[in-house]
1. Which residue is surrounded by the most Cβ atoms within 10 Å (Cβ to Cβ), if the candidates are limited to segment 199-226 and must be in contact (Cβ under 8 Å) with a residue 60 or more places away in the chain and not in a strand (DSSP E or B)?
2. For the structure I just gave you, tell me whether SER193 is of a type in the set (Ser, Thr, Tyr) and in contact with a strand residue (DSSP E or B) (Cβ under 7 Å, 6 or more places away or on another chain).
3. Look through GLU122, GLU71 and report the one residue that is more than 20 Å from the chain's Cα centre (by Cα), assigned to a loop (DSSP other than H, G, I, E, B) and closer than 15 Å to PHE162 by Cα.
4. Failed condition for ALA165, given (1) in contact with a Phe, Trp or Tyr (Cβ under 7 Å, 6 or more places away or on another chain); (2) closer than 21 Å to ARG66 by Cα; (3) among the aliphatic types (A, V, I, L, M); (4) without any contact (Cβ under 8 Å) to a residue 60 or more places away in the chain, with all others met?
5. Scan segment 1-29 and report the pairs whose first residue is under 18 Å from PRO266 (Cα atoms) and assigned to a loop (DSSP other than H, G, I, E, B) and whose second residue is of a type in the set (D, E, K, R) and modelled with pLDDT of 50 or more, with Cβ atoms within less than 9 Å and a gap of 6+ or a chain change.
6. For the list (1) assigned to a helix (DSSP H, G or I); (2) surrounded by 15 or more Cβ atoms within 10 Å (Cβ to Cβ), I need the number of the one condition that THR104 fails.
7. Would you check which residues across segment 98-124 are β-branched (Val, Ile, Thr) and in contact with a helix residue (DSSP H, G or I) (Cβ under 8 Å, 6 or more places away or on another chain) and list them?
8. With respect to ARG90, determine if the residue is among the basic types (Lys, Arg) and modelled with pLDDT under 95.
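The values are calculated or read from the model by the stated rules, or taken from the named source; none is laboratory data. Keep in mind it's a predicted model, so treat the numbers as computed, not measured. All Cβ positions, even for glycine, are placed from backbone atoms using ideal geometry, and neighbour counts span all protein chains on display.
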Amino acid sequence: MIALANQTPVARTLPRHISPSAAKSYLSCSLKFYFERVLQLPAPTTPALHLGKAVHAALQAFHLARWRGGEDSPESVAAAFHHSFNELERNEGPVKWKDDKDRTKSYEAGARVLGAYLDSDEVLKGRPLAVEVPLTEEIEGLPVPLTGMVDLVTGDMVAVDFKSAATTPNPRQAAFDHELQLVVYQLLIERASGRTPKSLDLIFLVKTKEPKVIRVSSPPADKARVLRVITLLRTAVEGMADGRFHPQPGMHCSWCPYRNECTKWPASMTGNAA
């Protein structure tokens, strides 16, 4: 157990940069962010997170093959998934499987949903403009650089982010939940290329008994949406810089791996993100 009571105030220090995932994590619960990203306390990997990473790695292999003119057959995608599923477990485990049957069930669900994507109307057609591109740009209104990894930019300039899901998403709620990430993609692409994506899309790979592939499309952000997102990003940056890390109780507490550490939180605790 960490000695939280020994934490002392520190000088205001800006993080080196801000990403949509870091901002969302901080805004969801700043204390969980502190445990996870500042102290980097180890936590077991959930089956859902593990499967999501393995599926994402297989999608990346497929899209890179399309980009480079390489092997993009269903067999090659299945092989990439198999490799990633096992390598991630070895390198980032342990995974909290209930038992071997639970592991097998998860693996089979991932293989099915990847097959569903390859057979769907939503599968990437043609050569993309970019795949898994890391971008870092200075954005007006932010005191630190904005950084992010864009999953896919199609040949007709659509920004796409892929999500694994256990249930069918509500399109309106999904667009709202992921607005910060999508608008960050738009800002980074605009600054890097001088072009605005014609659409900001989410593609959900739904791991139901009969897998589904669902696209949720949003128009490019207008000035009001951009201002909203930049303000959220700045709020996160300023909170990190000031060392504001405190519990934010909610439903997410029921699956948080840092509940024991959270109970030791003293009101005087403060710290800084790197």
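1. Ranking the candidates gives LYS207 first.
2. Values: of a type in the set (Ser, Thr, Tyr): yes; in contact with a strand residue (DSSP E or B) (Cβ under 7 Å, 6 or more places away or on another chain): no.
For SER193, the condition - of a type in the set (Ser, Thr, Tyr) and in contact with a strand residue (DSSP E or B) (Cβ under 7 Å, 6 or more places away or on another chain) - is not met.
3. On the way: GLU71 fails: closer than 15 Å to PHE162 by Cα.
The conditions single out GLU122.
4. Of the numbered conditions (1) in contact with a Phe, Trp or Tyr (Cβ under 7 Å, 6 or more places away or on another chain); (2) closer than 21 Å to ARG66 by Cα; (3) among the aliphatic types (A, V, I, L, M); (4) without any contact (Cβ under 8 Å) to a residue 60 or more places away in the chain, the odd one out for ALA165 is (2).
5. Pairs that qualify, where the first residue is under 18 Å from PRO266 (Cα atoms) and assigned to a loop (DSSP other than H, G, I, E, B) and the partner is of a type in the set (D, E, K, R) and modelled with pLDDT of 50 or more, are MET1/GLU261; MET1/LYS264; ILE2/GLU261; ILE2/LYS264; ALA3/LYS264.
6. Answer for THR104: the failing condition is (2).
7. Just the residues of segment 98-124 that are β-branched (Val, Ile, Thr), to begin with: 104, 113, 123.
Matches in segment 98-124: VAL113, VAL123.
8. Numbers: among the basic types (Lys, Arg): yes; modelled with pLDDT under 95: yes.
Answer is yes for this residue.
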